[in-house]
């Protein structure tokens with residue numbers, strides 16, 4: 001697990017071996033702050049290649065396919081560190097969790113996916129599922145899918161389909177295909193996380209063999225412990241931890257600028273103001289507390305998996321609740337840092353303005369909606385949550 005340094009210092013995250021990861025963090029931070037990722041609307045191809053080199057895409061891949069088989073906490077710590085450097089980069093890297101999805105493919109297909117190595121870059125546009133006819137050779141896939149984060153740098157993409165059986169639609173599936181068979185339409189124009197390239201995928205008359213599809217939420221065809229960890233919870237956690245990283249970056253930015261900055265009004269430097277000292281201490285405590293809840297829930301569930309036992313509904317509930325809580329706290333912390341910076345934090349050139357927008361966008365994801373609290377409250381009172389929550 002992660003160890004925390006003194007108040008005001010960043011947590012010591014899981015770091016892959018060697019200096020390459022630190023060099024990557026430095027480059028991502030510099031290029032993100034220069035506005036490069038926002039201007040282009042995606043993470044640069046050379047950064048994606050370096051994600052491969054440091055193990056982002058092999059982290060969750062089983063060792064039998066050449067992967068590193070990291071734990072859920074280790075992967076989240078890696079994504080958190082990247083998100084401190086840049087929120088969009090962390091968000092795109094988070095889809096290194098794709099083995100969770102791809103594990104539901106038939107085993108022979110999984111072997112084909114990793115035949116050339118474990119560093120497979122996958123992106124998905126799941127919603128809305130589009131009707132797909134079963135024809136000779138597989139499914140004929142047509143449609144448009146939104147929010148396909150990281151699709152520009154992906155080698156494989158998946159899109160949501162609803163197989164047609166006469167006038168009926170079967171259970172939704174994900175149809176996997178080479179990225180070149182889809183067209184990317186650049187529709188992602190948002191206030192934050194611009195560099196994630198969460199554009200639309202458009203597919204026209206592509207035949208996807210049935211063995212390259214799987215039922216969404218279906219059982220994994222891999223038996224490593226990682227694939228017994230709650231998959232929906234993990235898909236949520238790898239995104240919510242981006243918010244924790246961005247909030248940490250906001251606090252660090254305020255600390256670094258506060259001591260030497262003199263107000264144009266003649267007021268004391270930010271670091272000398274009693275109210276600022278109080279508010280930054282509260283923000284630090286809130287962020288570290290949310291982070292501790294987040295990683296404690298992961299560790300508790302993971303130890304249950306390693307013991308060979310099923311993760312309980314109560315444990316899964318805490319995985320979901322701690323994720324939503326983390327994003328809300330992170331957004332509040334980033335905003336606090338901006339407010340304490342005064343007018344400096346409202347300029348487009350200010351990293352703090354970007355951190356606020358990035359952290360806020362994380363809270364808007366469907367996984368982190370208010371319905372999480374409703375479901376968690378229902379479980380607290382011994383009631384059933386809404387379908388799909390657990």
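No value in this document is a laboratory result; all are computed from the given coordinates. Given the structure is predicted, the values throughout are model-derived calculations rather than measurements. Glycine also receives a Cβ, built like all others from the backbone with ideal geometry; neighbour counts cover every protein chain displayed.
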Discussion item. Below 8 Å, C-alpha to C-alpha, sequence gap of six or more: please give me the relative contact order for the chain in percent.
Written reply: 16
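Could you line up 253, 211 from fewest to most neighbouring Cβ atoms inside 10 Å?
Final ranking by Cβ density, sparse to dense: 211, 253.
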Worksheet entry | Residue order, fewest to most beta carbons within 10 Å, for 272, 36 | 272, 36
Worksheet item: If one computes the Cα centroid of the stretch 143-157 and of the stretch 158-181, what distance in Å separates the two points?
Response: 15
Worksheet entry | Degrees between helix 351-363 axis and first principal axis of the chain (Cα, 0 to 90, nearest 10) | 40
Practice prompt. Would you give the gap between the C-alpha center of the stretch 73-129 and the C-alpha center of the stretch 36-72, rounded to a whole Å?
Written response: 8
Item to complete: Using DSSP, restrict attention to beta bridges with both residues in the stretch 121-215 and report what percent are antiparallel, rounded to the nearest 5.
Response: 75
Worksheet item: Helix 72-85 versus the longest principal axis of the chain: what is the Cα-based angle in degrees, 0 to 90, to the nearest 10?
Response: 50
Worksheet item: Candidates (1) 20.4, 61; (2) 21.3, 76; (3) 21.3, 62; which is the computed Rg and Dmax of the Cα atoms in Å?
Response: (2)
Response to the item:
For the chain, the longest principal axis of the Cα atoms and the Cα long axis of helix 45-54 enclose an angle in degrees, to the nearest 10, of 90
Worksheet item: 222 nm [θ] for the chain, helices only, -39500 (n - 2.57) per DSSP H run of 4+, per residue, to 500?
Response: -14500 deg cm²/dmol
Worksheet entry | Antiparallel DSSP beta bridges within the chain, percent to nearest 5 | 75
Discussion item. Can you sort 223, 38 from fewest to most other Cβ atoms within 10 Å of each residue's own Cβ?
Written reply: 223, 38
Worksheet item: Roughly how many whole Å is it from the C-alpha centroid of the stretch 322-390 to that of the stretch 189-240?
Response: 22
